[in-house]
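Before any comments, here is the structure.
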Amino acid sequence: MKKGLHLIVLLFTTVVLAAQDNDHGRLLAGAAEAVINPPAGAYLAGYDQNRKSTGVHDDLFVKAVVIANRQNALAIVTIDCIGLPYPVVQHIRDAVELKLPAGSFNAGHIIISSTHTHAGPDVIGIWGPDMQHTGTDSSYTRLLINTAATVILKAWKRKRVVVAKYADTTFGEGWVENVSDSLETDRSVAVMQFTTRGGRNIATLTNFACHPTFLGKENTLVSADFPSGFYKQMKVKLGGINLYLQGAIGGWVQPEKVARTFEEAERKGKALAAAVSSALEQPRLLEGSKMSFSSSRFEMPVNNKALEQMAAAGIIRRDISDGTPTEIAWFSIGNAIFATHPGETSPMYSFATKKLMTNKGPKFVLGLGQDELGYILKPEFFDPDTKLHAAPYLTSMSPGKKAGAVMMRVLTELAERNGGQ
């Protein structure tokens, strides 16, 4: 590097660190990942019952980044699975508490999102051999819990001073569509990057909404679907650990007018990585290093007799009733705000959540965050005369008509508690 250019880079880095070093201390971040492929013969989630895996096409991952300053710390985790139920999230937190010294980290500040691949193991239970038997494998669930806890611990131990940047772009024009309601499609992409002082990528967070359903029900090979191509290309472009954070995909926000092949899934994943890499060529500095975290544990009203009966029979491994325990988180890093949705939410709720965010920085809405309660749909889906596509199926896999309003009430309370920040 030429001396003058080196001086400019050093000067820029010094300015960046000064901007992100205040009373809260400099931002630190560490990241880690691990493969979580299920054994051969595992029941695959997302389509019909009795669909067993016959091998692995590409690896499934659990990926984590821990971010901290002098006063706060949190972990953001993404898992290649159909959607992790809240009780399993709690077990991962318990496992982390056992592995870290008491008082060193609040495990309640672990945020877990799922990519929703339909070529991963059944971690919920409803895709077993038939509707009378569960599809979950207890030994795999234990492996997933322990691996996720280990990855979070590794990320915690790898923390170092970082420079935090962000960018935004759009992606998916012409092929990412909301097939149930074409007027509601969010193709925005929010990106955050943590690098060393010298510019080496530690981790990136990419928030985008699209069902990973390039691979149809005829597929029996384990795959992350299009996030696999995204992971591979991001590794080539940037190195480090790169997390795909699913957005609001309820009402079937999915790939349309595309080939249903592994090759097409990989091409689109790589194209998303190219869009993210391009956006990061002109990043903006994250403002400040202040961090906050709020969450609300509450009971979600579930008005779905089929889900209640499957839970009572042990097919779904959790309690489901009119008041089903779940959680929503609202947190900030610098001038970036994040909120979780506990299922597959209509894009309307993503737009509404972002309106609650009064920051001038990036806005992240993590679908299937902390829980997978099924489709959380706008009320029109429950109208018996609705013309919204696939409404009968979507409502049959939903906690009910009240769920969206309850979720937004909790999010509004959390936003007000934090002044929209």
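The values are calculated or read from the model by the stated rules, or taken from the named source; none is laboratory data. If you're wondering where the values come from, they're calculated on a predicted model, not measured in any experiment. Note that each Cβ is placed from the backbone with ideal geometry, even for glycine, and that neighbours are counted across all protein chains shown.
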Legend entry - Leading residue by the ranking (surrounded by the most Cβ atoms within 10 Å (Cβ to Cβ)) among those in the range 381-390 that are in contact (Cβ under 8 Å) with a residue 24 or more places away in the chain and either closer than 22 Å to Ile124 by Cβ or of a type outside the set (A, V, I, L, M, F, W, C) (or both): Phe381
Inset, instruction - Check every one of the strands (runs of 3 or more DSSP E) wholly within the range 48-160 and list those with 1 or more residues that are modelled with pLDDT of 95 or more, touching a Cys at 6+ places or on another chain (Cβ under 8 Å) and surrounded by fewer than 24 Cβ atoms within 10 Å (Cβ to Cβ). - result: none
Legend entry - Sole exception among (1) under 30 Å from Pro129 (Cβ atoms); (2) touching a Leu at 6+ places or on another chain (Cβ under 8 Å) for Ala312, by number: (2)
Legend entry - Test: Arg318 is in contact with a Phe, Trp or Tyr (Cβ under 8 Å, 6 or more places away or on another chain) and either among the basic types (Lys, Arg) or surrounded by fewer than 16 Cβ atoms within 10 Å (Cβ to Cβ) (or both): yes
Legend entry - Selection from the range 160-213 of residues that are farther than 28 Å from Ser289 by Cα and either of a type in the set (Val, Ile, Thr) or in contact with an Asp or Glu (Cβ under 7 Å, 6 or more places away or on another chain) (or both): Trp175, Val176, Glu177, Asn178, Val179, Thr185, Arg187, Pro212, Thr213
Inset, instruction - Could you look through the range 36-47, keep only residues that are closer than 21 Å to Met131 by Cα and of a type in the set (A, V, I, L, M, F, W, C), and pick out the one that is surrounded by the most Cβ atoms within 10 Å (Cβ to Cβ)? - result: Leu44
Inset, instruction - Report, by residue number, each residue of the range 171-204 that is assigned to a strand (DSSP E or B), out of contact with any helix residue (DSSP H, G or I) (no Cβ under 7 Å at 6 or more places or on another chain) and under 12 Å from Gly251 (Cα atoms). - result: Glu177
Inset, instruction - Would you mind finding the one in Met397, Met348 that is hydrophobic (A, V, I, L, M, F, W, C), touching a Lys or Arg at 6+ places or on another chain (Cβ under 7 Å) and either crowded, with 18+ Cβ neighbours inside 10 Å or closer than 18 Å to Pro301 by Cα (or both)? - result: Met348
Inset, instruction - Considering only residues that are assigned to a loop (DSSP other than H, G, I, E, B) and surrounded by 19 or more Cβ atoms within 10 Å (Cβ to Cβ), look in the range 1-35 and name the one that is modelled with the lowest pLDDT. - result: Gln20
Legend entry - Verdict on Val276 being under 30 Å from Thr326 (Cα atoms), within 19 Å of the chain's Cα centre (by Cα) and modelled with pLDDT of 95 or more: no
Inset, instruction - Can you give me the ranges of the strands (runs of 3 or more DSSP E) entirely in the range 283-377 with at least 2 residues that are more than 15 Å from the chain's Cα centre (by Cα)? - result: 291-300, 324-333
